[in-house]
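What follows is a set of notes on a single structure, which appears directly below.
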Amino acid sequence: MEALLTSIFLVAVSEIGDKTQLLAFVLAARLRKPWPIVGGILLATLVNHALAGWIGTLLAGWIAPGTLAWIVGFSFIGFGVWALHPDSLDDSPRLHQGGAFVTAFAAFFLAEMGDKTQFATIALAARFDSLVIVVIGTTIGMMLADVPAVWLGEKLALKIPMKAVRMVAAALFIVMGALTLWSAIGVTR
């Protein structure tokens, strides 16, 4: 249960103001087809996070538990620092001839590559060594942040205090990193 709740909460909070949430706003405004957009986001997230989680579980099997705990702990602290930096979109997504679903899937899958959420999924899967639970949790967290963006668009974005949300996300990652490092001290003794 800890792996699921931690994954949901960390990703949901860190996604607020993230480039993929900004992408959800843009797709909703341009395509005006919320159900296909939400479906594309869901599938892209599942595929991307399954790959990231798989890498995390592989790392958990290859790296000694004590060493892995230190790597994951410092990674979470790094994600906390990264969360303080506001994201932006490089360019506007183009409508794929496959429609809103294919456009949302492709745009979200690519936007998640190298994103802090993808790296957080790797770290969470390595930390908890539970691929399915972490992928379910990170996907739910992503959907909790991005689905309202699709439905409520820019009206929601203007009401959210993004700086405060980034600070909370940063604090959560840093606390998670500190807790992981604390457990690493026990593992290496």
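The values are calculated or read from the model by the stated rules, or taken from the named source; none is laboratory data. All figures in this text were calculated on a predicted structure; none of them were measured in a lab. Cβ placement follows ideal geometry from the backbone for every residue including glycine, while neighbour counts extend to all protein chains displayed.
Of the residues making up the range 82-94, not a single one is modelled with pLDDT of 85 or more, assigned to a helix (DSSP H, G or I) and either out of contact with any Leu (no Cβ under 6 Å at 6 or more places or on another chain) or polar (S, T, N, Q) (or both).
Here the condition is being at pLDDT 90 or above, farther than 17 Å from A44 by Cβ and surrounded by 16 or more Cβ atoms within 10 Å (Cβ to Cβ); of F128, F173, it holds for F128 alone.
Looking at this structure, is F76 of a type in the set (F, W, Y), more than 18 Å from I8 (Cα to Cα) and in contact (Cβ under 8 Å) with a residue 40 or more places away in the chain? For F76, the condition - of a type in the set (F, W, Y), more than 18 Å from I8 (Cα to Cα) and in contact (Cβ under 8 Å) with a residue 40 or more places away in the chain - is not met. The condition of being out of contact with any Cys (no Cβ under 6 Å at 6 or more places or on another chain), at pLDDT 85 or above, crowded, with 16+ Cβ neighbours inside 10 Å and farther than 26 Å from A178 by Cβ holds for only one of A69, A107, A60, that being A107.
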